[in-house]
Amino acid sequence: MEALRCNLNPTFLDQFTNDVLTGLSQQQKTLPSKYFYNSRGSRLFDRICDLEEYYPYRTELSLLPRIAQEVSALLQQPYDIVEFGAGSLVKIRLLLQHLEHIRNFVPLDIAGEHLNKASALLKSEFPALSVMPIVCDFTRKVSLPTELTLPRLGFFPGSTIGNFTPQAAQTFLSNARKTLGPNAMLLIGVDSKKDPHILHRAYNDSLGVTAEFNVNLLQRINEEICGDFDVQAFQHYAFYNTRQGRIEMHLVSQKRQEVTIGHTRFSFAEGESIHTENSHKYTTQEFRDLAQKAGWQIRSTWADEQQLFRVHLLSS
Ligand SMILES: C[S@@+](CC[C@H](N)C(=O)[O-])C[C@H]1O[C@@H](n2cnc3c(N)ncnc32)[C@H](O)[C@@H]1O
């Protein structure tokens, strides 16, 4: 199954190059986390999800069967589903098993090859479902297929919303409300504030898979836009920033070094870092305020017993 490519080609490499050069030119060097997800990055993320330390994935997954039943009872009419940052399409299966009358499913993701494979597999398991994958950057305007005529249920699991700053999360939620249209609902997974030790373990796993995922971004730059990073000379570093309420991931230069990308050269001091990802954590009240500013109301909230992770159903 070949996904519709709406805004990745032919400008994707130009955009990737531009974002990398801009990010590395800042005083605190940064790289956007959306570029983690080439095919290898997507496979590494799937391995992270299997780790004992990475509670967000399995906690959200364990909540979904009950959520699916309750959402099914709440929805008074048939819906089409649009999933943001769909990844391997594992979680949507739990919804589809309980939500009847879903005719159209549109998974959106920036990682094209991974999305195509996952969509083909889903289609083979749900033959009556029309699966219409779109490879896109969901922070930009997304045009949905004209076949979607029913009200839309958005699905945004994985606490991917936490990768945005709160201001950018508000903008995303506001745009998603416009994309989903009138009478929309949005089911969204949000990671909770908690004991920093639990967070630290989750982003510093003992097998080093998260470290590999982080460093893969430099490898990708080398392969796709002519970088010459010595990937061994950068080390994964993740910590909880209490003031900002977020996990920060960085890649720390182990020595003084120079890196060239295309024709542009960057200098790194020993110990200097590239900030590669934020993962913001929210209390229910903080998330309610954020959603409200973007035009959404919380209709229901589900959490595990320890309140590690919450899933909210929003209505516009
Ligand atoms: C944290 S993973 C979550 C995957 C899956 N939804 C889950 O819950 O396990 C984030 C997913 O969003 C996708 N993604 C990240 N940034 C994106 C962007 N700007 N546009 C489209 N997809 C994006 C990634 O490719 C990846 O599949």
Q.
Using a Förster radius of 22 Å, what is the FRET efficiency between LYS194 and THR22 based on their Cβ-Cβ separation? Nearest 0.05, please.
A. 0.05
Q | Spacing of the two label points (7 Å from each Cα toward its C-beta) at GLN69 and ARG103, in nm | A | 2.9 nm
Q.
Please compute the contact order of the chain in relative form: average sequence separation of alpha-carbon pairs under 8 Å and at least six residues apart, divided by the residue count, as a percent.
A. 21 percent
Q: Starting from the Cα gyration tensor of the range 153-233, take the square roots of the eigenvalues, sort them a ≥ b ≥ c, and report rounded, prolate or oblate (rounded when a/c is under 1.5, otherwise prolate if a/b is larger than b/c, else oblate).
A: oblate
Q: Calculate how steeply helix 55-74 sits against the longest principal axis of the alpha-carbon atoms of the chain, using the helix alpha-carbon long axis, and give the answer as 0 to 90 degrees to the nearest 10.
A: 20 degrees
Q) So for HIS101, HIS200, what's the accessible-area order with a 1.4 Å probe, most first? A) HIS101, HIS200
Q: Starting from the Cα-Cα distance between GLN167 and ASN183, subtract it from 0.36 nm times their residue separation and give me the gain in nm to one decimal.
A: 3.3 nm
Q: For the range 5-156, evaluate the Debye formula with one uniform point scatterer on each Cα (no solvent term) and list log10 I(q)/I(0) at q = 0.18 Å⁻¹, rounded to two decimals.
A: -1.16
**Q.** For the chain: accessible area per residue (Å², 1.4 Å)
**A.** 45 Å²
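Express in nm, to one decimal, how much length is gained between ASP289 and GLN244 on full extension, taking 0.36 nm for each residue of separation and deducting their alpha carbon distance.
Roughly 14.6 nm would be gained on extension.
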Q: Note down, for the range 22-74, the three equivalent ellipsoid semi-axes (square root of 5 times each alpha carbon gyration tensor eigenvalue), biggest first, whole angstrom.
A: 33, 15, 11
Q | Debye intensity ratio I(q)/I(0), log10, the range 80-194, q values 0.10, 0.17, 0.20, 0.22 Å⁻¹ (C-alpha model) | A | -0.27, -0.82, -1.14, -1.38
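Go ahead and run the numbers for FRET between ALA269 and THR146, Cβ-Cβ distance against an R0 of 51 Å, rounding to 0.05. Before the final figure, lay out the partial values.
On the way: r = 53 Å, r/R0 = 1.04.
Efficiency at R0 = 51 Å is approximately 0.45.
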Q: Specify whether the C-alpha gyration tensor of the range 216-276 places it in the rounded, prolate or oblate class, a ≥ b ≥ c being the square roots of the eigenvalues: rounded for a/c under 1.5, otherwise prolate if a/b is larger than b/c and oblate if not.
A: prolate
Q) Going by accessible area, probe 1.4 Å, with all protein chains left in place, what is the ranking of ARG40, ARG103, ARG152, largest first? A) ARG103, ARG40, ARG152
Q.
What's the whole-number percent of alpha carbon pairs in the chain lying beyond 31 angstrom?
A. 30 percent
(Q) If you wrap a convex hull around the alpha carbons of the range 250-300, what volume per residue comes out, as a whole number of Å³? (A) 146 Å³
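The values are calculated or read from the model by the stated rules, or taken from the named source; none is laboratory data. The structure presented is a predicted model; accordingly, all values stated were derived computationally and were not measured. Every residue, glycine among them, receives a Cβ derived from its backbone with ideal geometry; neighbour counts consider all protein chains shown. Note: accessible area is taken over every heavy atom of the protein model, side chains too, but ligands, DNA and RNA are not part of it. Shrake-Rupley method; radii C 1.70, N 1.55, O 1.52, S 1.80 Å.
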